[in-house]
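Visitor: The structure follows.
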2 protein chains.
Amino acid sequence: MKLTKFILATCAIGLVTASVAHSQTVGKAEDQIRWRQSAFTTLSWSMARIKANVNGEFNKEQVVQAANTIQTLAHANISSLFVPGTAKGKGWKNTEVKPEFFTDKEGAAKAWATFSTEADGLAKVAATGDAAAVKAQFGKVGQSCKGCHDKFHVED
Amino acid sequence: MKLTKFILATCAIGLVTASVAHSQTVGKAEDQIRWRQSAFTTLSWSMARIKANVNGEFNKEQVVQAANTIQTLAHANISSLFVPGTAKGKGWKNTEVKPEFFTDKEGAAKAWATFSTEADGLAKVAATGDAAAVKAQFGKVGQSCKGCHDKFHVED
């Protein structure tokens, strides 16, 4: 087998492997919109829990639960629910995503990466139980949420 | 200080500490119902993702994301959203919890503990990438969901 043929054959095997391992698109458009609205609302709940703790009595266990939820969802590929055909539509309510989210892929990926990094930082400081550090990092997570919402979310 | 006085004083300190560290109740009744509906819908999304992978092409990364989401939410104290006054009411939709969930606290705690244990097992096997083991454990998680729904959830 010539080298070029060998390389082509190897690439072909690679493509088949990639095809076997590709990420499943799950659900209908309505499911996908409801699921992403639910995931973001679960993030809101978790942010509200941490806010209550940094502004009031601090319960480490509750903060850890909420920070872990935010971190896990930051890495759960929620963006896979923004499939073509879901730029408009209704889940629990009409979607509030801006069309730019589907066209500015680089901007969307960058915004999500910032959020993921800040979420990792929040889970880390939550585990220490340092209320002041949690408050500071909570602010950074909030800023990353706002950064993305300003660009890609139609506010109520 | 007499021993009884010392014990009473120690208990008093313990009570104050417990008070400082108590878990915050966050949100109004409508928020709480919407948040818990969102958390359970995020669990449904994650279960749907794993189902698609064990019945079709298996993508380890997606299965790990979904299993970690289920495990984290299993330990996020969603039960704190079932506060008195939320047995009836509307979040995204009317709540579908049965009144028994609020009265049979032991049964509810037991059902959730079973789910948490099975969710831990699912995250563990997901990390190995063993599709057959994920399929088997996914069935056990599904059974634990069904066990709780049969007792405490008004099915559609």
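Visitor: Can you give the mean number of other chain Cβ atoms that lie within 10 Å of the Cβ atoms in peptide A:38-51?
Guide: 6
Visitor: Collect residues whose amide H, placed 1.01 Å from N in the peptide plane, falls under 5 Å from the amide H of A:His153; neighbours closer than 5 in sequence don't count.
Guide: Long-range HN contacts for A:His153: A:Lys98.
Visitor: Same structure again: Note down the relative contact order for chain A as a percent, whole number, built from C-alpha pairs under 8 angstrom at least six residues apart.
Guide: Reported relative contact order: 26 percent.
Visitor: Obtain the nm distance between the two label points defined at A:Asn77 and B:Glu106 by a simple spin-label model: each point lies 7 Å from its Cα along the Cα-to-C-beta direction.
Guide: Label at A:Asn77, label at B:Glu106, 4.4 nm between them.
Visitor: Ordered by packing density, taken as the mean number of other Cβ atoms within 10 Å over each peptide's residues, highest first, how do B:129-136, B:37-44 rank?
Guide: B:37-44, B:129-136
Visitor: I'd like the Karplus ³J(HN,Hα) series for the range B:84-96: coefficients 6.51, -1.76, 1.60, θ = phi - 60°, whole numbers in Hz, and an x wherever there's a Gly or Pro.
Guide: x, x, 10, 5, 10, x, 10, x, 5, 8, 4, 5, 10
Visitor: A further question on this structure: With chain B treated as a Gaussian network of Cα nodes joined by springs under 10 Å, which of B:Gly91, B:Gly56, B:Gly27 yields the largest mean-square fluctuation?
Guide: Taking springs between Cα atoms under 10 Å, the residue moving most is B:Gly56.
Visitor: Between A:Lys140 and B:Lys146, what is the label-point separation in nm under the 7 Å Cα-to-beta-carbon projection?
Guide: Distance between the two pseudo-spin positions: 4.6 nm.
Visitor: Treating the point 7 Å from Cα along Cα-beta-carbon as the label, what are the nm separations from A:Val83 to the other copies, to one decimal?
Guide: In nanometres, ordered from closest: 3.8.
Visitor: Where nothing but the Cβ of Lys and Arg (+1) and of Asp and Glu (-1) is charged, how large is the charge dipole of the protein assembly as shown around its Cα centre, in debye to the nearest 20?
Guide: Taking the Cα centre of the protein assembly as shown as origin, the dipole is about 80 debye.
Visitor: Let me ask something else about it. For peptide A:67-74, how many partner chain Cβ atoms fall within 10 Å of a residue's Cβ, on average?
Guide: Mean number of neighbouring Cβ atoms from other chains: 4.
Visitor: Enumerate the calculated ³J(HN,Hα) couplings along the range A:45-51 in order (Karplus 6.51 cos²θ - 1.76 cosθ + 1.60, θ = phi - 60°), each rounded to whole Hz, writing x wherever the residue is Gly or Pro.
Guide: Result, rounded to whole Hz: 4, 5, 5, 5, 5, 5, 4.
Visitor: Continuing with this model, one more query. Rounded to the nearest 20 Debye, what is the dipole magnitude of chain A about its Cα centre when Lys and Arg each give +1 and Asp and Glu each give -1 at the C-beta?
Guide: Around 380 debye, computed over chain A.
Visitor: If the limit is 18 Å between Cα atoms, which of A:Lys28/B:Lys60; B:Lys28/B:Lys90; A:Lys51/A:Lys151; B:Lys28/B:Lys98; A:Lys51/A:Lys98 go over it?
Guide: A:Lys28/B:Lys60; A:Lys51/A:Lys151; B:Lys28/B:Lys98; A:Lys51/A:Lys98
A short reminder: the numbers here are calculations on the coordinates, not readings from a lab. Predicted model only: the values in this text are computed from it and were never measured. Cβ: placed from backbone, ideal geometry, glycine included. Neighbour counts: every protein chain shown.
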